[in-house]
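The values are calculated or read from the model by the stated rules, or taken from the named source; none is laboratory data. These numbers come from a predicted model, not from an experiment. We place every Cβ from the backbone using ideal geometry, glycine too, and count neighbours over all the protein chains shown. What goes into the accessible areas is simple: the full protein's heavy atoms, side chains included, and nothing from ligands, DNA or RNA. Shrake-Rupley method; radii C 1.70, N 1.55, O 1.52, S 1.80 Å.
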Amino acid sequence: MSERIKQRLFPPRPAWQKNLIVLWFGTFMAGIGFSLVMPFMSLYIDTLGDYTSQELNLWSGVTFSSTFLITAIVSPLWGRLADQKGRKLMLLRASLGMAVVIGLMGLVTNVYQLIGLRLLQGVFSGYVSNATALVATGTPKEKSGQVLGTLATGSVTGSLLGPLVGGTTASIFGYRYTFFITSAILFLVFLLSVFFVHEEFTPVEKKDMVPAKQIFQELKYPHLILGMFLTTMIIQASNNSISPIISLYIRQLMHNHGNVTFVSGVIASIPGIATLIAAPRLGRLGDRIGSEKILAIGLLFAIVVYLPMAIVQNVWQLAFLRFLVGISDACLLPAVQTLITKYSPHQAAGRIFSYNQSFQAAGNVVGPMIGSSVSSIFGYRGVFLSTSLLVLINYFSVHRNTKEIATAEAFHQKKEESIVHK
């Protein structure tokens, strides 16, 4: 009797479902680990020395972007090792490395030590890309859209909720203890990955590894895969272009009254809630009608949402539009990952997804630079107009790169119909 109750409460699951549960939590915490410092990085640096306003802005920018610059450089190296040694090993490297490095950030005594650790954090990147590769290669193809959509909510939601979690934790426990708490949670992710993530993988000898050039030559749609890398970069750049100015824009909308810091944290995190709700449902829809269609719809919807942000009159209107941004995000990255999975060889998944992560990291660097530059010339509202233009360029790029698939599939369908009629 007790065994039957246990089975009903905890039904046996296939390995890919167990992996999804553990890796969702892992990618969620990795997303938080990379973004929780945003609300208080400048304030933390200010406690490490006596800086002028200009020096503080400079050190804050260098400290923030250094992680993503290193991530963009080293991701392909880790991707090659993942295809050779296995993705689980890379998950353990990334989670344990992040736990140690982020914990040490709470002990620094000057800004140079902090920058050094932020650079090292970039070296220990790769949890999300390897989790995606592991899940993608182990999931039945007919469920890949829904499953990757669900997994994508982990990192996206973690990244978007990170600033709120970081700001709240820092205000309660202080800056240094926030790093220690995050470190402890990432160590828990490491332990969960050790004991509960299952991967069937046969190590590949270095001499037997297929060169990257050959992988791209053998791709069925190489322009599509390269186009998806570029699309990922533009998606991240679009999402992050407003990061440098969102709190300043909110302060302007609130006319310098009220708790701007708290409201900024809430509004910055709202898209994460929408993505969490919408991504699995849109992933299922993508499995039915095609991920390329979901991607195109998401980009058009993003343009429609970003444009009115330039003319909002109060924070509630901005909050509502930010919620809609979360729905567009739920269309975009999961659809990109599904297309990459569908048209890439599984034996090279580690490298393919690591290249994609490099472009994603590049978007994290380029986006804030675009936002800062545009806002200094055209004001805060100009950032939303430039972001809409960036998304429009992305839409035309996606349309051109996915047209090849639509043409090929229409040809095959006609061919099959003619065979049936004969």
## Note on the structure
Taking first residues from segment 307-332 that are within 25 Å of Arg284 (Cβ to Cβ) and second residues anywhere that are open to solvent by 50 Å² or more (accessible area, probe 1.4 Å), the pairs with Cβ under 6 Å that are 6 or more apart or on different chains are Ser328/Phe301
### Query
Taking segment 381-422 as the region of interest, how many residues are modelled with pLDDT of 80 or more and open to solvent by 30 Å² or more (accessible area, probe 1.4 Å)?
11
#### Entry: Residue list for segment 277-302, restricted to those being open to solvent by 80 Å² or more (accessible area, probe 1.4 Å) and under 19 Å from the mean Cα position of the chain (by Cα)
Ile277, Arg281
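Do we have Gln236 as at pLDDT 80 or above, open to solvent by 10 Å² or more (accessible area, probe 1.4 Å), in a helix (DSSP H, G or I) and out of contact with any Asp or Glu (no Cβ under 9 Å at 6 or more places or on another chain) here?
Taking the combined requirement at face value, the residue satisfies it.
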### Task
Any chance you could count how many residues in segment 100-128 are open to solvent by less than 30 Å² (accessible area, probe 1.4 Å) and over 15 Å from Thr67 (Cβ atoms)?
2
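Got a sec? Which of Val101, Val111, Val135 is among the β-branched types (Val, Ile, Thr), farther than 15 Å from Leu23 by Cβ and in contact (Cβ under 8 Å) with a residue 60 or more places away in the chain?
Val111
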